2 protein chains.
Amino acid sequence: LELFSRQGYLQTPVRDIIDCSGFGTSTFYRFFANKEAVLAALLQDFLDSIMEAVRRYYTVEPRLDVRFIETKRVVMERFAANPELSALYARSHGLSPGIDRCLKEFDDAFLEFSYRNLRHGVLQGEFRDLPLLPIAHGILGSIKLAVSRWIIHGEFTAEEMVETVVSFHRSLAVGLLAERGAPAIET
Amino acid sequence: LELFSRQGYLQTPVRDIIDCSGFGTSTFYRFFANKEAVLAALLQDFLDSIMEAVRRYYTVEPRLDVRFIETKRVVMERFAANPELSALYARSHGLSPGIDRCLKEFDDAFLEFSYRNLRHGVLQGEFRDLPLLPIAHGILGSIKLAVSRWIIHGEFTAEEMVETVVSFHRSLAVGLLAERGAPAIET
């Protein structure tokens, strides 16, 4: 992560990674097939840490309506606490088919996770029965844009990034939350 | 655009652009300071064509609630009709500070445009008075993600990309639209 941040992913030869690791070449290749596998592992760990933080939050907050919004604060705070990983995530799109595959796996896992949580809310009668996959896409899209405007463009402070995403989900929740007794809304 | 699509932006020397243009070096530099200026011009034209298509659509559709959703169809169809420009837009993030600046200008103009339209809806009493800048970010984020999942990852057909974004805005509209006589919603 240190090398990728300092030199850029493309400008970091596997040789540098091995030299900095303090392990030999054969040890490296016992764990990683290539440089892409290193990137994939970094992103996977990052994703796991996000999911883990969200799960921890779920144990203290039972309300689905609060969760829908505040989960995004938990997620965005993980990004804010990890600027190097966030930069890697935001900057690497389109560099190579292998990198795109790693990033897509991250996004797919996040989409799947969002979708399942939305579905749970619908099944509990707390959320309206809206098309959920497009909503999961909208959620991820809003997160990715906020991260890139923070870490690439310096448009947001970390705090503004967090607040922008949370505010957006507060607005999204207005329509998502099923109000008991409210008339069915045509969509 | 042809050279950038075929060879990639970074792999296209200004020399190639000049040679393919059929004009001399001095003519090129009378119009463009450098390669970045060519990219900026391409993205600016693309953005203008999107804005133009939206404005044309506004002349035939007066209802703000329908506009909020169907504008996104118009926008996404411009992306779908321009795969090379969409690829340039989706793939170039993070390549260089100059490219990032071009892309940011595109995004800023789009955010500003979205924000003004939302504000208009609020002032007309058609939309709820929600925090609009985060919503504009959410809108742009959902569009960018759909474009990249179409053109980079091949996850969506062009039609699925359009429908995903339109569906998401239909859900977003459920909360955005002020129902007359509805109670004020805490946000």
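Numbers at a glance
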{"read-out": "Accessible surface buried once B binds A (1.4 Å probe; total of both sides; Å²)", "value": "3300 Å²"}
{"read-out": "Carbon and sulfur %, accessible surface of the protein assembly as shown computed with the full protein complex present, 1.4 Å", "value": "52 percent"}
{"read-out": "Charge dipole (debye, nearest 20) of chain B; +1 at Cβ of Lys and Arg, -1 at Cβ of Asp and Glu", "value": "180 debye"}
{"read-out": "Proportion of all alpha-carbon pairs of chain B beyond 28 Å (%)", "value": "33 percent"}
{"read-out": "Accessible area (Å², per residue) of region A:16-149, counting only protein heavy atoms and a probe of 1.4 Å", "value": "44 Å²"}
{"read-out": "Teacher prompt: B:Asp129 distances to equivalent labels in other copies, 7 Å Cα→Cβ, nm", "value": "3.6"}
{"read-out": "Other copies of B:Asp48: label-to-label distances in nm, shortest first, labels 7 Å along the beta-carbon direction", "value": "5.1"}
{"read-out": "Percentage relative contact order, region B:23-101, counting C-alpha pairs under 8 Å, at least six apart", "value": "31 percent"}
{"read-out": "Out-of-range pairs (alpha-carbon distance over 23 Å; input B:Lys104/B:Lys144; A:Lys35/B:Lys35; A:Lys144/B:Lys72; A:Lys72/B:Lys144; A:Lys104/B:Lys144)", "value": "A:Lys35/B:Lys35"}
{"read-out": "For B:79-91, mean number of other protein chain Cβ atoms within 10 Å", "value": "1"}
{"read-out": "Chain B: relative contact order in percent, alpha carbon pairs under 8 Å with at least 6 residues between", "value": "24 percent"}
{"read-out": "Among A:Tyr29, A:Tyr115, A:Tyr89, residue whose mean-square fluctuation peaks in a GNM of chain A (springs only between Cα atoms under 10 Å)", "value": "A:Tyr29"}
{"read-out": "Three-way shape label, the protein assembly as shown, alpha-carbon gyration tensor, a/c 1.5", "value": "oblate"}
{"read-out": "Order by protection proxy (mean Cβ within 10 Å, highest first), peptides B:57-66, A:50-59, B:102-111, A:130-139", "value": "A:130-139, B:102-111, A:50-59, B:57-66"}
{"read-out": "Cα extents of region A:60-101 along the three principal axes, largest first (Å)", "value": "42, 20, 12"}
{"read-out": "About the Cα centre, charge dipole magnitude for the protein assembly as shown (Lys/Arg +1, Asp/Glu -1 at Cβ), debye", "value": "0 debye"}
{"read-out": "Per-residue mean of C-beta atoms belonging to partner chains within 10 Å, peptide B:158-168", "value": "3"}
{"read-out": "Cα-Cα pairs of region A:91-187 separated by more than 15 Å (percent)", "value": "68 percent"}
{"read-out": "Three principal axis lengths of region B:1-76 [C-alpha, angstrom, descending]", "value": "50, 24, 17"}
{"read-out": "Per-residue average of Cβ from other chains inside 10 Å of B:150-157", "value": "3"}
{"read-out": "Separation of the A:Asp129 and B:Cys20 label points, Cα + 7 Å toward Cβ, nm", "value": "5.2 nm"}
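The values are calculated or read from the model by the stated rules, or taken from the named source; none is laboratory data. Since this is a predicted model, take the numbers as computed values, not measurements. All Cβ positions, glycine included, derive from the backbone under ideal geometry; neighbour counts span all protein chains shown. SASA here: full protein model, heavy atoms, side chains in, ligands and nucleic acids out. Shrake-Rupley method; radii C 1.70, N 1.55, O 1.52, S 1.80 Å.
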